[in-house]
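Reading through the structure tokens given below for one structure.
The values are calculated or read from the model by the stated rules, or taken from the named source; none is laboratory data. Bear in mind that the values here come from a model prediction, so they are computed numbers and not experimental data. Please note: Cβ atoms are built from the backbone with ideal geometry, for glycine as well, and neighbour counts cover all protein chains shown.
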Amino acid sequence: MGISNVYISVLRSRDRLTEFVTIRAVSAIVILTLSYLLLPAAGILAIGYIVLGVEVLMAIVLGSRLYFLLSGLSSDDRVDY
């Protein structure tokens, strides 16, 4: 959760609010949809696992984007080996 909060703060400071809203909306939609689908089968514990999974996935994706954002590179400038 820390990496995504740092990334969101950087977006807000650079006035990239569209990306900020998109990230939060997608996260909320995924959590609510999976919770709705898995709550009857797995119970309340499933929601905790869903939130944890979404946060870990966001940390991985946003962590790499944060690196390029702070290093001054765009994701298009990186070299894939």
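Working only within the range 10-23, note down all residues that are over 23 Å from G53 (Cβ atoms) and of a type outside the set (D, E). Write out each step before concluding.
Looking only at the range 10-23, we keep the residues that are over 23 Å from G53 (Cβ atoms), and these are 10, 12-18.
V10, R12, S13, R14, R16, L17, T18 - these are the residues of the range 10-23 that are over 23 Å from G53 (Cβ atoms) and of a type outside the set (D, E).
All but one of (1) touching an Asp or Glu at 6+ places or on another chain (Cβ under 9 Å); (2) modelled with pLDDT of 90 or more hold for G53, so report the exception by its number.
Status for G53: all satisfied but (1).
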